[in-house]
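Reviewing the structure listed below.
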Amino acid sequence: TAQPEPAPAAPAARPTAIRPAHPRLTQDHLRTPSQRRVALPVFLFLATCISTFWVGASNWVPYPAPLPDLGVAGTIRWNVVARWGQGLAYMGGVLAILMTHEMGHFLMTLFYRIPASLPFFIPYPFSPIGTMGAVIMMAGYKANRKQIFDIGIAGPLAGLVVAIPLLYFGVQQLDMDVPARGGLAFDCPLLMKWLFAVLRPDAAAITQIYPSQMNPMRMAAWVGLLITGLNMCPISQLDGGHVIHALFLKRGRYVARGFLVFAICYVVFSGAYFWSVMIILVTLMGVDHPPTADDRVPLGWFRTLLGWASLTIPFLCFPPRLML
């Protein structure tokens, strides 16, 4: 059916410049809170609660061998009933670190009026840690150089504020007289080794810990350090990628590309092929960090020093061999 031809449009009125009531407030920002998805973030948060609780209750072996005469369902029920306190403690510790990390990002986006989603937690009940972390989605292209630096670094620093005290109590409570069992050994990052040397001279030589020797605070802190170190890798739009771009601008792409080559060589020569998926995802996201809304904004001496100091976080927090 032929549609009627629309009437010719009237001449457009000359636009009038209107100064917003607040220099950072735009119509996009006014619409953002009402458009944030709530149901999916809440569902993923609850699923991650269940996932991390189960991993803690199973003593960080989420696929335990069935106990005699109990079968698979009976073994799962036995783990939950016998270790529900450990499961709750581990769940609380991990989620406290993840929530604090993501709220560091989120609150900074609110401060700078950058549209952002609520945190999306990622449950993973089939891994020894029960989660793959959490992310927020934001309109990063609307942030300038200083703002993207603040947003990027706020998450790792906030997460460490929770992770380090948990690590302190976890190291103090560690019982190394328990025989090593569990199939996996969790490698200790450098920061954890330093705490062993200071707090537990009797365990200063320890470089890896088995699930049977673990406690929920120490394990939650280990996960927090792992996620913090991983996020601060200087590549793409990870937190470390934001920091590198803010520090070096276009020259940051050479740091990111060099890190990608290093990561590929590490995976190939160490046999840590489980990191291949992460490398592929980061490559698909784009190795180079895109320019900000205004790269000419100066960082200032404090942010510059803080940025340089933050580059040590992956070396301090990331376990060299992860799990053995």
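Selection over segment 225-252 of residues that are closer than 16 Å to Ile148 by Cβ and either of a type in the set (Val, Ile, Thr) or outside any helix (DSSP H, G or I) (or both) gives a count of 8. Would you confirm whether any residue within segment 181-188 is at pLDDT below 95, of a type in the set (A, V, I, L, M) and more than 19 Å from the chain's Cα centre (by Cα)? Yes, there is a match, as at least one residue in segment 181-188 is at pLDDT below 95, of a type in the set (A, V, I, L, M) and more than 19 Å from the chain's Cα centre (by Cα). The set of residues in segment 172-190 that are within 24 Å of Tyr124 (Cβ to Cβ), in contact (Cβ under 8 Å) with a residue 40 or more places away in the chain and in contact with a helix residue (DSSP H, G or I) (Cβ under 8 Å, 6 or more places away or on another chain) comprises Gly182, Gly183, Leu184, Phe186, Cys188, Pro189. One residue stands out among those in segment 197-219 that are part of a helix (DSSP H, G or I) and among the hydrophobic types (A, V, I, L, M, F, W, C): the one that is surrounded by the fewest Cβ atoms within 10 Å (Cβ to Cβ), which is Val198. Hey, does segment 269-286 have a residue that's surrounded by 20 or more Cβ atoms within 10 Å (Cβ to Cβ), closer than 30 Å to Thr52 by Cα and among the aliphatic types (A, V, I, L, M)? Checking segment 269-286: at least one residue is surrounded by 20 or more Cβ atoms within 10 Å (Cβ to Cβ), closer than 30 Å to Thr52 by Cα and among the aliphatic types (A, V, I, L, M). For segment 104-137, the set of residues classified as open to solvent by 60 Å² or more (accessible area, probe 1.4 Å) and either outside any strand (DSSP E or B) or more than 25 Å from Asn215 (Cβ to Cβ) (or both) consists of Leu107, Leu110, Phe111, Arg113, Tyr124, Phe126, Val135, Met137, listed by residue number.
Taking the condition buried (at least 17 other Cβ atoms within 10 Å of the Cβ), touching a residue at least 40 places away in the same chain (Cβ under 8 Å) and more than 17 Å from Gly92 (Cα to Cα), does Gln147 pass? In short, yes. Against the definition (within 30 Å of Phe53 (Cα to Cα), in contact with a Gly (Cβ under 9 Å, 6 or more places away or on another chain), open to solvent by 40 Å² or more (accessible area, probe 1.4 Å) and in contact (Cβ under 8 Å) with a residue 12 or more places away in the chain), how does Leu316 come out, yes or no? In short, yes.
Looking only at residues of segment 269-290 that are within 21 Å of Phe315 (Cβ to Cβ) and outside any loop (DSSP other than H, G, I, E, B), we find that the one that is modelled with the lowest pLDDT is Phe274.
Identify, please: which residue in segment 52-93 is more than 24 Å from Met132 (Cα to Cα), open to solvent by 40 Å² or more (accessible area, probe 1.4 Å) and not in a loop (DSSP other than H, G, I, E, B) and is, among those, modelled with the lowest pLDDT?
Taking segment 52-93 first, the residues more than 24 Å from Met132 (Cα to Cα) are 66-75, 77-78, 81-82.
Adding the requirement that they be open to solvent by 40 Å² or more (accessible area, probe 1.4 Å) leaves 66-70, 72-73, 77-78, 81-82.
Checking the rest, the ones that are also not in a loop (DSSP other than H, G, I, E, B) come to 67, 72-73, 77-78, 81-82.
Values: Leu67: 64, Val72: 67, Ala73: 71, Arg77: 81, Trp78: 73, Val81: 82, Ala82: 84.
In this case the residue turns out to be Leu67.
Exactly one residue out of Trp222, Trp194 is assigned to a helix (DSSP H, G or I), in contact with a strand residue (DSSP E or B) (Cβ under 7 Å, 6 or more places away or on another chain) and aromatic (Phe, Trp, Tyr), and it is Trp222. Per the listing Val297, Val277, the residue uniquely among the β-branched types (Val, Ile, Thr) and under 26 Å from Val261 (Cα atoms) is Val277.
Comparison of Ser212, Ser310, Ser236 shows that the only residue that is in contact (Cβ under 8 Å) with a residue 60 or more places away in the chain and either more than 21 Å from Ile129 (Cβ to Cβ) or among the β-branched types (Val, Ile, Thr) (or both) is Ser310. Restricting attention to segment 170-191, the residues that are outside any loop (DSSP other than H, G, I, E, B) and loosely packed, with under 15 Cβ neighbours inside 10 Å add up to 2.
The values are calculated or read from the model by the stated rules, or taken from the named source; none is laboratory data. This structure is a prediction, so every number in the text was calculated from the model and none was measured. As a convention, Cβ positions derive from the backbone with ideal geometry for all residues, glycine included, and neighbour counts pool all protein chains shown. Only protein heavy atoms, including side chains, enter the accessible area calculation; ligands, DNA and RNA are left aside. Shrake-Rupley method; radii C 1.70, N 1.55, O 1.52, S 1.80 Å.
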